[in-house]
Each structure stands twice: as structure tokens, then as C-alpha cells.
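This report refers to the structure that appears directly beneath it.
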Amino acid sequence: MSLSLALHILSAVVWVGGMFFAYMFLRPVLGGREPTERLQIWSSVFAKFFPWVFVSIGVLFITGFYMIYGMGGFGAVGVYVYVMLGIAIVMTGIFKFVYVAPYAHLKRGVKEENNKVAAFALGTIRKLVLTNLILGVAVILVATALKTW
């Protein structure tokens, strides 16, 4: 159970921490770059980060369900587990949408040197990453401060 919890937390750190870094640090730094360069960098960053998000999501669900069943199943866990699972499902859906639609448009726009398409896609990704970042922080608060709920 300890290994599952450690992997679970590490996966959350990778996903939520990566979004925090991208939104709070990388985004402001790249804001001063030329549009073509900024869009190429973001496309490259996502190409490296998104596979880690897929792995993190898989590990989070596998370890989460393992711990739920290790505690006696869904009937034996607190409300906070249901809240975390619900938010995780929403976050996963948002990420999958980002990957399938706006990220695909960003890559296409960068490849075709169409900054208008790429910039619109990046703006959509930015909003959805902020949404997922807020949800990720909420999950962390639920898992820690509201665990007895």
C-alpha cells in the first residue's frame, strides 16, 4: 500500500506540478518571444510533457483503485475519495480533449507556419490547463485537508 501511495503522489506531482510550472513560469517567460518562436517552443514542450501526463493518469487510476480495494472497496472509503475520483475523471477528460483537438491544431499550425491557427489553439490549451490546474489543486486539498470528510 505504501508503494501505491508513493507512486500515486509522484504521478500527481508530475501532472499538477508540470501544469503549475508551465502556467506560472514558462508562459510569462515565453510571452516576450516572437510568435513563431513561442508557438514552436510550446509545441515542443507539450510533445515532451504530454506523454508524462498519459503515464501519470494511468498510474493515478491504477494506484487509486488499488488503494480503494485495499481499504475494503468503495463502501469502505470516505466521501473525499469519491470527490477525488470525480475530479480526476473530469481532469482526464479535459486533458484528452486538449490532446485530441487544440494540441493537434497547435502542431498543425506550427508545422504549416500558420500562427493564427497555432495561437488560437495555444490560447485554448492555456485556458484548459488553468482549469485543470485549479482542479488539480482542489484534489490535493481534498486529499490532505479534507481527508477526514
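Readers should treat all values here as calculations from the given coordinates under stated rules, not as data from a laboratory. Not measured: the values here are computed from a predicted model. Methodologically, a virtual Cβ is constructed for each residue, glycine included, from the backbone with ideal geometry; neighbour enumeration extends over all protein chains shown.
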Plugging the Cβ-Cβ distance of residue 115 and residue 13 into 1/(1 + (r/R0)^6) at R0 = 30 Å yields, to the nearest 0.05, a FRET efficiency of 0.35
If every Lys and Arg gets +1 and every Asp and Glu gets -1 at its Cβ, then about the Cα centre the chain yields a dipole, in debye to the nearest 20, of 220
Once whole DSSP H runs in the chain are found, which of them have Cα atoms spread over 18 Å or more along the helix axis and a mean Kyte-Doolittle score of at least 0.5?
2-21, 35-70, 79-100, 115-144
Can you give me the long-range amide H partners of residue 77? Hydrogens built in the peptide plane at 1.01 Å from N, cutoff under 5 Å, separation of 5 or more residues or another chain.
none
Extreme residue, positive dipole direction of the chain, given options 145, 71, 54 (C-beta unit charges):
54
Calculated from the structure, Rg and Dmax of the Cα atoms in Å equals which of (1) 17.8, 52; (2) 17.2, 55; (3) 15.1, 47?
(2)
Alpha carbon centroid spacing (whole Å) that separates region 7-24 from region 45-115:
11
